[in-house]
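Enquirer: Just dropping this structure here.
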Amino acid sequence: MIEEGAEVGLICAALARMPELRVIDAPNVADALSRLDRDPAPVALAIAGRAALSAATDEVVKRFGIRGIPVVGFAAGLAPAARQRALAAGVREIHDRPSQWRPYSELIESVVSRFIPADSPPRPGRTS
């Protein structure tokens with residue numbers, strides 16, 4: 001099973017293929033919420049890994065939701081009960097992490113393009 005820090009690394013690597021995005025990398029929930037409070041950069045999408053979806057999902061969704069930022073989850077091995085709790089808390093989508101790089105990066109790109117349309121003003125970024 002992949003650890004949360006490795007999941008963040010994979011997400012950031014996939015997003016690096018989209019240079020129009022500014023990536024605000026946060027390795028855990030507390031750091032993401034702290035950065036959200038102090039970083040003036042607009043955030044268009046929050047991507048959460050398994051640890052965030054299993055632990056403090058209500059708080060993550062609430063803090064991002066107040067700012068109109070959707071939360072999307074990427075997780076391998078997320079328990080069905082944790083998946084249901086995350087969706088009930090307001091996580092928009094939860095995707096199982098593909099085991100191969102190309103499908104993984106294509107999935108990230110697909111999700112980003114749905115939540116941050118290419119014809120919108122410059123894409124402001126996201127946090128994980």
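Enquirer: Within the set of pairs 6+ apart or on separate chains, which have a first residue in region 68-83 that is on the phi > 0 side of the Ramachandran plot, a second that is assigned to a loop (DSSP other than H, G, I, E, B), and C-beta atoms under 7 Å apart?
Expert: Gly77/Met1
Enquirer: Starting from region 44-55, keep only residues that are within 11 Å of Arg83 (Cα to Cα) and at pLDDT 80 or above, then list their pairs with residues that are crowded, with 24+ Cβ neighbours inside 10 Å and β-branched (Val, Ile, Thr) whose Cβ atoms are within a distance under 7 Å, requiring at least 6 positions of separation or different chains.
Expert: From region 44-55, no pairs qualify.
Enquirer: Here is a follow-up. Among Ala51, Ala46, which is the only one that is of a type in the set (Gly, Ala, Ser) and either over 15 Å from Val112 (Cα atoms) or open to solvent by 60 Å² or more (accessible area, probe 1.4 Å) (or both)? Please lay out each step first, then the result.
Expert: Numbers: Ala46 fails: either over 15 Å from Val112 (Cα atoms) or open to solvent by 60 Å² or more (accessible area, probe 1.4 Å) (or both).
None of the others qualify; the one that does is Ala51.
Enquirer: Here is a further query. Find the residue count for region 36-85, including only residues that are small (Gly, Ala, Ser) and either touching a His at 6+ places or on another chain (Cβ under 6 Å) or not in a helix (DSSP H, G or I) (or both).
Expert: Restricting attention to region 36-85, the residues satisfying the condition of being small (Gly, Ala, Ser) are 41, 44, 46, 48-49, 51-52, 54-56, 65, 68, 73, 75-77, 79, 81-82.
With the extra rule that they be either touching a His at 6+ places or on another chain (Cβ under 6 Å) or not in a helix (DSSP H, G or I) (or both), the set shrinks to 41, 44, 46, 48-49, 55-56, 68, 73, 75-77, 79.
The number of residues fulfilling the criteria is 13.
Enquirer: Among residues belonging to region 91-106 that are modelled with pLDDT under 90 and in a loop (DSSP other than H, G, I, E, B), point out the one that is nearest to Ala52 (Cα to Cα).
Expert: Arg97
Enquirer: With the checklist (1) open to solvent by less than 50 Å² (accessible area, probe 1.4 Å); (2) more than 18 Å from Ala51 (Cα to Cα); (3) at pLDDT 85 or above in hand, flag the one item Pro70 doesn't pass.
Expert: Pro70 satisfies all of (1) open to solvent by less than 50 Å² (accessible area, probe 1.4 Å); (2) more than 18 Å from Ala51 (Cα to Cα); (3) at pLDDT 85 or above except (2).
Enquirer: Hey, another quick one. Mind listing whichever residues of region 65-104 are over 11 Å from the mean Cα position of the chain (by Cα) and of a type in the set (A, V, I, L, M, F, W, C)?
Expert: Ile66, Ala76, Leu78, Ala79, Ala81, Ala82, Ala86, Leu87, Ala88, Ala89, Trp101
Enquirer: How many of the residues making up region 84-102 are open to solvent by less than 100 Å² (accessible area, probe 1.4 Å), at negative phi and either in contact (Cβ under 8 Å) with a residue 12 or more places away in the chain or out of contact with any helix residue (DSSP H, G or I) (no Cβ under 8 Å at 6 or more places or on another chain) (or both)?
Expert: Going residue by residue through region 84-102, those that are open to solvent by less than 100 Å² (accessible area, probe 1.4 Å) are 86-91, 93-98.
Restricting the remaining residues to those that are at negative phi gives 86-89, 91, 93-98.
Those left that are additionally either in contact (Cβ under 8 Å) with a residue 12 or more places away in the chain or out of contact with any helix residue (DSSP H, G or I) (no Cβ under 8 Å at 6 or more places or on another chain) (or both): 86-89, 91, 93-97.
Number satisfying all stated conditions: 10.
The values are calculated or read from the model by the stated rules, or taken from the named source; none is laboratory data. Not measured: the values here are computed from a predicted model. Backbone-built Cβ (ideal geometry, glycine too); neighbour counts: all protein chains shown. In case anyone asks, the SASA skips ligands and DNA or RNA and just uses the protein heavy atoms, side chains included. Shrake-Rupley method; radii C 1.70, N 1.55, O 1.52, S 1.80 Å.
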